[in-house]
Amino acid sequence: MVKQKTIKTEISLTGVGLHTGKEVKMTFKPAPVNNGFTFVRVDLEGHPIIEADANYVVNTQRGTNLEKLGVKIQTPEHVLAALVGCDLDNVIIELNASELPIMDGSSKYFVEALEKAGVEEQNTNRNVYVVKEVISFTDEASGSEILVMPSDHYTVTTMVDFGTKILGTQNATLKNIGDFKTEIASSRTFSFLHELESLLDNGLIKGGDLNNAIVYVDKEISATTMENLKIAFGKESINVKPNGILDNLTLHYPNEAARHKLLDVIGDLALIGTKIQGKIIANKPGHFVNTQFAKKMAKMIKIEQRNYVPVYDLNQEPLMDIHKIMAMLPHRPPFLLIDRIIEMSDSHVVGMKNVTMNENFFVGHFPDAPVMPGVLIVEAMAQTGGILVLSTVPDPENYLTYFMKIDNVKFKHKVLPGDTLIFKCDLITPIRRGICHMQANAYANGKLVAEAELMAQIAKKQQ
């Protein structure tokens, strides 16, 4: 299994936002396992965190825009593409403004910064969603479509048709994410002249520069338009080159536009939150269809993961037997509700309980139809999670664990005498100040029997 990766050290870049024109300092920082990609607005009180999550997309006009509880992140797609292209899983991106820097309109400088920071392998396996069937999304209004089909690798193909003489049909393919740096990263954003005029009129490219965007001239430029462009970009003169591009930019590739669209697809699909193993084909991609497809994929993956039942070898030597559990947990029979710890990492723990007719609660629940009380299943999941959080302190025997919150509890099936319960707890956020926020699932007979979102805190015993 491939391990998760973060960067070794933090590194900063400065630039301006394409649409806001504001100067921004952006800092990449290492992140713990299962953190994913998260943005932190250090210019706002409390330093709010916005996860790179497709469900936070609120606008896709000339870029992808995220918003969570009123806090915005603008145009993150080029940075997200660089993170994916560098094969990273967990990185914190700090910003002192809402919009990420445009740099030269590509992912090149972000990739260079991340490579300079270095890559560090973490001790938890990477989560990868393996595509088993064709999944697609079509935007009927634009005719844009994205689909993913089963494949042994992650590959992306984009097909675009701009319907103009200066820029017509183009294709681009990335067969190996390891080639992102050399094949895709330097491909710059672009616009047509008629779009540029509209963007300038609406104040949407205050940070624009003819060095950070390719402008294709798809119409005759009037003297008035030329003067407006000179003023907007602070140029004494602007020319149209023989290849139909404004000013003095040289294309990196004949199909640079299609390659940049591929870059955008990779960045927008990072909002799924999980690595994908599959072949992605995007016809006429754009930020709207990209992010709608990301939302669809994220929802499908969440449902599938919820219904997935992990399989463990219950005959193997346990990581912790009942004696080791009792040395760590303060609970004692009849309220010690786990018998073994099967597996544990920095971000998850798996426990087990054999449910027998000898349990005290079966005496009254119910005498003629014994069923394990749901609240005790939740307690058993919490005790399993307690092992994870107590393992972070050197003297766990001196601590107690207390519930802070229980959310989204669901009971799916009855647990009866003779069943073997498996409890799996995964951290939702890293453990901080002894507070553990986790997703807990209980399984029996190959089925999910209960689930809950738990938050607990450990505190030292009063002397």
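The values are calculated or read from the model by the stated rules, or taken from the named source; none is laboratory data. Note that the coordinates shown come from a computational prediction; the quantities given were computed from them, not determined experimentally. Backbone-built Cβ (ideal geometry, glycine too); neighbour counts: all protein chains shown.
Check whether at least one residue in segment 210-221 is at pLDDT 95 or above and among the hydrophobic types (A, V, I, L, M, F, W, C), and report yes or no.
So the first thing to find is which residues in segment 210-221 are at pLDDT 95 or above, and the list is none.
Scanning segment 210-221 turns up no residue that is at pLDDT 95 or above and among the hydrophobic types (A, V, I, L, M, F, W, C).
If THR384 passes every condition in (1) surrounded by fewer than 19 Cβ atoms within 10 Å (Cβ to Cβ); (2) among the β-branched types (Val, Ile, Thr); (3) closer than 19 Å to PRO333 by Cα but one, which one does it miss?
(1) is the only condition that THR384 fails.
Inspect segment 409-420 for any residue being under 21 Å from GLY36 (Cα atoms) and not polar (S, T, N, Q) and give the result as yes or no. Before you say what the answer is, go through the steps one by one.
So the first thing to find is which residues in segment 409-420 are under 21 Å from GLY36 (Cα atoms), and the list is none.
No: zero hits.
In segment 160-176, which residues are part of a loop (DSSP other than H, G, I, E, B), closer than 19 Å to ILE281 by Cα and at pLDDT below 95? Steps first, answer last, please.
Taking segment 160-176 and keeping what is part of a loop (DSSP other than H, G, I, E, B), we get 162-168, 175-176.
Among the residues that remain, those that are also closer than 19 Å to ILE281 by Cα are: 162, 168, 175-176.
Correct list: PHE162, GLY168.
Inspect all residues belonging to segment 15-29 and state whether any of them is of a type in the set (Asp, Glu), under 27 Å from GLU120 (Cα atoms) and touching a residue at least 24 places away in the same chain (Cβ under 8 Å). So that I can check it myself, show each step before the final result.
Within segment 15-29, the first condition is being of a type in the set (Asp, Glu), and the residues that meet it are 23.
Narrowing further to those that are under 27 Å from GLU120 (Cα atoms): none.
Checked against the condition, which is being of a type in the set (Asp, Glu), under 27 Å from GLU120 (Cα atoms) and touching a residue at least 24 places away in the same chain (Cβ under 8 Å), segment 15-29 yields no hits at all.
Could you check segment 63-84 and list, in sequence order, the residues that are within 19 Å of ALA113 (Cβ to Cβ) and either without any contact (Cβ under 8 Å) to a residue 12 or more places away in the chain or in contact with a Gly (Cβ under 9 Å, 6 or more places away or on another chain) (or both)?
First, pick out the residues of segment 63-84 that are within 19 Å of ALA113 (Cβ to Cβ): 73, 75-84.
Within segment 63-84, THR75, PRO76, GLU77, HIS78, VAL79, LEU80, ALA81, ALA82, LEU83, VAL84 meet the criteria.
Given (1) in contact (Cβ under 8 Å) with a residue 24 or more places away in the chain; (2) out of contact with any Gly (no Cβ under 9 Å at 6 or more places or on another chain); (3) buried (at least 17 other Cβ atoms within 10 Å of the Cβ); (4) of a type in the set (S, T, N, Q), where does ASN55 come up short, assuming only one miss?
(3)
Under 36 Å from the mean Cα position of the chain (by Cα), outside the structural domain of ASN127 (by the TED database) and touching a residue at least 12 places away in the same chain (Cβ under 8 Å), is that true of VAL375?
Details: under 36 Å from the mean Cα position of the chain (by Cα): yes; outside the structural domain of ASN127 (by the TED database): yes; touching a residue at least 12 places away in the same chain (Cβ under 8 Å): no.
Here the answer is no, as VAL375 does not meet what is asked.
Working only within segment 370-391, note down all residues that are of a type in the set (A, V, I, L, M) and assigned to a helix (DSSP H, G or I).
VAL375, LEU376, ILE377, VAL378, ALA380, MET381, ALA382, ILE387, LEU388, VAL389, LEU390
Is it the case, given these coordinates, that ILE341 is closer than 30 Å to PHE39 by Cβ and of a type in the set (A, V, I, L, M, F, W, C)?
Details: closer than 30 Å to PHE39 by Cβ: no; of a type in the set (A, V, I, L, M, F, W, C): yes.
No, not satisfied.
Looking only at segment 421-435, count every residue that is part of a strand (DSSP E or B) and either touching a strand residue (DSSP E or B) at 6+ places or on another chain (Cβ under 6 Å) or at pLDDT 90 or above (or both) and tell me the total. Steps first, answer last, please.
Just the residues of segment 421-435 that are part of a strand (DSSP E or B), to begin with: 421-432, 435.
Subsequent filtering for residues that are either touching a strand residue (DSSP E or B) at 6+ places or on another chain (Cβ under 6 Å) or at pLDDT 90 or above (or both) retains 421-429, 435.
Residues meeting the conditions: 10.
Okay, residues lined up against (1) in the same structural domain as PHE110 (by the TED database); (2) not in a helix (DSSP H, G or I):
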{"residue": "VAL265", "(1), (2)": "yes, no"}
{"residue": "ALA270", "(1), (2)": "yes, no"}
{"residue": "ILE281", "(1), (2)": "yes, yes"}
{"residue": "THR291", "(1), (2)": "yes, no"}
{"residue": "ALA294", "(1), (2)": "yes, no"}
{"residue": "MET297", "(1), (2)": "yes, no"}
{"residue": "MET300", "(1), (2)": "yes, no"}
{"residue": "ILE303", "(1), (2)": "yes, no"}
{"residue": "GLU317", "(1), (2)": "no, yes"}
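Mind checking which residues of segment 436-451 are within 15 Å of LEU421 (Cα to Cα) and part of a strand (DSSP E or B)? Talk me through it step by step, then tell me what you get.
Initial filter on segment 436-451 (within 15 Å of LEU421 (Cα to Cα)): 440-451.
Selection gives ALA440, ASN441, ALA442, TYR443, ALA444, LYS447, LEU448, VAL449, ALA450, GLU451.
Please verify whether segment 161-172 includes one or more residues that are surrounded by 14 or more Cβ atoms within 10 Å (Cβ to Cβ), touching a helix residue (DSSP H, G or I) at 6+ places or on another chain (Cβ under 6 Å), within 19 Å of GLY85 (Cβ to Cβ) and not aromatic (Phe, Trp, Tyr).
Yes, segment 161-172 contains a residue that is surrounded by 14 or more Cβ atoms within 10 Å (Cβ to Cβ), touching a helix residue (DSSP H, G or I) at 6+ places or on another chain (Cβ under 6 Å), within 19 Å of GLY85 (Cβ to Cβ) and not aromatic (Phe, Trp, Tyr).
Considering only segment 21-52, how many residues are surrounded by fewer than 15 Cβ atoms within 10 Å (Cβ to Cβ) and aromatic (Phe, Trp, Tyr)?
0
Taking SER151 as the residue in question, decide whether it is more than 19 Å from the chain's Cα centre (by Cα), small (Gly, Ala, Ser) and part of a strand (DSSP E or B).
no
For segment 341-351, check the following and say yes or no: at least one residue is more than 16 Å from LYS424 (Cα to Cα), outside any loop (DSSP other than H, G, I, E, B) and either more than 34 Å from the chain's Cα centre (by Cα) or not hydroxyl-bearing (Ser, Thr, Tyr) (or both).
No, that holds for no residue.
Condition check: touching a Lys or Arg at 6+ places or on another chain (Cβ under 8 Å), assigned to a helix (DSSP H, G or I) and surrounded by 18 or more Cβ atoms within 10 Å (Cβ to Cβ). Does ILE325 satisfy that?
Details: touching a Lys or Arg at 6+ places or on another chain (Cβ under 8 Å): yes; assigned to a helix (DSSP H, G or I): yes; surrounded by 18 or more Cβ atoms within 10 Å (Cβ to Cβ): yes.
So ILE325 fits the description; yes.
If only one of ASN354, ASN398, ASN358 is in contact (Cβ under 8 Å) with a residue 24 or more places away in the chain, of a type in the set (S, T, N, Q) and more than 19 Å from GLN457 (Cα to Cα), which one is it?
Details: ASN398 fails: more than 19 Å from GLN457 (Cα to Cα); ASN358 fails: in contact (Cβ under 8 Å) with a residue 24 or more places away in the chain.
None of the other options fit; the residue is ASN354.
Take the residues in segment 77-122 that are out of contact with any strand residue (DSSP E or B) (no Cβ under 7 Å at 6 or more places or on another chain), at pLDDT 95 or above and of a type in the set (Gly, Ala, Ser); name whichever of them is nearest to ALA270 (Cα to Cα).
That would be ALA81.
Going residue by residue through segment 88-100, is there one that turns out to be surrounded by 18 or more Cβ atoms within 10 Å (Cβ to Cβ), part of a helix (DSSP H, G or I) and in contact (Cβ under 8 Å) with a residue 40 or more places away in the chain?
Initial filter on segment 88-100 (surrounded by 18 or more Cβ atoms within 10 Å (Cβ to Cβ)): 88-95, 97-100.
Those left that are additionally part of a helix (DSSP H, G or I): none.
No; the residues of segment 88-100 include none that is surrounded by 18 or more Cβ atoms within 10 Å (Cβ to Cβ), part of a helix (DSSP H, G or I) and in contact (Cβ under 8 Å) with a residue 40 or more places away in the chain.
Are any residues in segment 67-87 under 24 Å from LYS181 (Cβ atoms) and either surrounded by fewer than 18 Cβ atoms within 10 Å (Cβ to Cβ) or not assigned by the TED database to the domain that holds LEU44 (or both), and if so, which ones?
ASP87
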